[in-house]
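The values are calculated or read from the model by the stated rules, or taken from the named source; none is laboratory data. Just so it is clear, the model here is predicted, and its values are computed rather than measured. In case anyone asks, the SASA skips ligands and DNA or RNA and just uses the protein heavy atoms, side chains included. Shrake-Rupley method; radii C 1.70, N 1.55, O 1.52, S 1.80 Å.
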Amino acid sequence: MQKSKLTLYIFIALVLGVIAGYLYNVYVIDAINSRIHTSHTEIKTVNSSLAGVKDSTGVAYKTLVTQKSKLQGHIKGDESLRDDKLEGFTILSDIFLRLIKMIVAPLVFTTLVVGVAKVGDIKAVGRIGGKTMLLFIAATFVSLLLGMLLVNLFEPGSAMHLALPDSKVTTDINKSALSLKEFINEVFPKSFTEAMAENKILQIVVFSLFFGIGTAAIGEKGEIVIKVLDAIAHVILKITGYVMKFAPFAVFGAIAAVVAKQGLGILSTYASFLSEFYLSLIILWFLIVLGTFFVLRKRAFTLVDNIKDAVLIAFSTSTSEAAYPKVLIELERFGCNNKIVSFVLPLGYSFNLVGSMIYLTFASLFLAQAYNMHLSLGQQITMLLVLMLTSKGVAGVPRAALVVIAGTMAMFNIPEAGLGLLIGIDPLMDMGRSATNVLGNAMATAVVSKWENELN
């Protein structure tokens, strides 16, 4: 499939997915959504009544708890039914994402080992790694700061005027921030096969660095290993070409499922928040491309054009991982040396998630505004610094952004129940975050390649 045709097919799939999802929502899912909404409304009423009952051992309290439990059971049943109804759409994206995950781990391992072994010198690996991490830290800080500035400028939550909820109202999201021990567990593998099986990219990167340096250190014997892994990497890249032909079907299924589940009505309900967040992403895109322009000049725009398919795939499937093989291919076509690409890109998927970073400050302060909670400049800067630390190492965690936000909210006494405002629209936000993460990692890789004089 030619590159231009793939872009066209993905775009057509996007449009058809929105249309199919809307029709399916109206004629199939709407009745289920109405029941779920009614149950949620009744639970709010029960929560209000529970807050007014002082004796937690009385009959009235126990009756209300039982009523709430039944309503929660109805919601779970309806949500399960809704998921069953959407299975025809989600199965298309599930197949594609499973195939991508099948490719990513061996692709990272083979390309990174070959790249590091070709660099050869440990000092050179350290130099490239140092430049890469400094760039990622700077990008993370800029993204978080931009989110903080723009949410204060737009104030999307100020119009909501929500009352502080009862302390008993909670969500099912883990609100503990990533501890140092958990971070170390995410970074250092206890088993290489386990890291490969669970697609833990950061752990694969650590093992690959050791393996690549060790391979280079044994001299001629290591050249055999390099040739074998280089050949395997090319085989996997060929498989990637086959898998990408299924991308339009995956895009159709993923978009249709989101629209069918949420309906277009959610766009109007959260129009202000969504539009201002996506405007923030556009500003971040501009800054990323501008920063790259100072290093690559006009070639920065060429790179944006080259990776548009990968960005569309990440946007449609709500995961930047789905675009990884495509980005790797396009960066090498662009002229980046494969030893730089295979080293920088995997690290970026754990430490350079700029789209997720801007969301963290934007969403956290949005919730504070929604509850009319004023956070001083000092508190907001503290939040920014906390997020710089707690956001690392959770790239592979499902709903990672919500987990990090939940932990941050607890530190600043922002009501946990506010996460309910984000859960419904998180898939729509995740699309923009994922696309931005892909752009940021591609640009960072090209910049490091230029700094190392490894850009043809």
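For the range 68-136, which whole-number percentage of the solvent-accessible area (1.4 Å probe, protein heavy atoms only) is attributable to carbon and sulfur atoms?
On the way: 2010 of 3400 Å².
That fraction is 59 percent.
Could I get the Rg over Rh figure for the range 399-456? Both from C-alpha atoms, Rh via Kirkwood, rounded to two places.
Values: Rg = 17.3 Å, Rh = 13.9 Å.
Checking Rg against Rh, the ratio lands at 1.24.
Each residue of the range 127-140 in order: what ³J(HN,Hα) in whole Hz does its phi give by Karplus 6.51 cos²θ - 1.76 cosθ + 1.60, θ = phi - 60°, with x for Gly and Pro?
So the Karplus estimates, Gly and Pro as x, are 5, 5, x, x, 4, 5, 5, 4, 5, 5, 5, 5, 5, 4 Hz.
Can you list the residues, at least 5 places off or on another chain, whose amide H is less than 5 Å from the amide H of residue 336, using H built in the peptide plane?
Under 5 Å from the amide H of residue 336 lie the amide H atoms of 456, each far enough along the sequence or on another chain.
Give me the percent of accessible area attributable to carbon and sulfur for the range 330-456, probe 1.4 angstrom.
Values: 2100 of 3650 Å².
With neighbouring chains kept in place, the figure for the range 330-456 is 58 percent.
Quick one: pull the percent of accessible area on the range 245-299 belonging to carbon and sulfur, 1.4 Å probe, ligands and nucleic acids left out.
Details: 1950 of 2600 Å².
Exposed carbon and sulfur together represent 75 percent of the surface.
Subtract the Cα-Cα distance of residue 379 and residue 16 from 0.36 nm times their separation in residues, and report this length gain in nm to one decimal. Could you put the intermediate results ahead of the total?
Details: separation 363, 0.36 × 363 = 130.68 nm, distance 4.52 nm.
My answer for the length gained is 126.2 nm.
Just the accessible area per residue of the chain, please: how many Å² with a 1.4 Å probe?
On the way: 21130 Å² over 456 residues.
Averaged over the residues of the chain, the accessible area is 46 Å².
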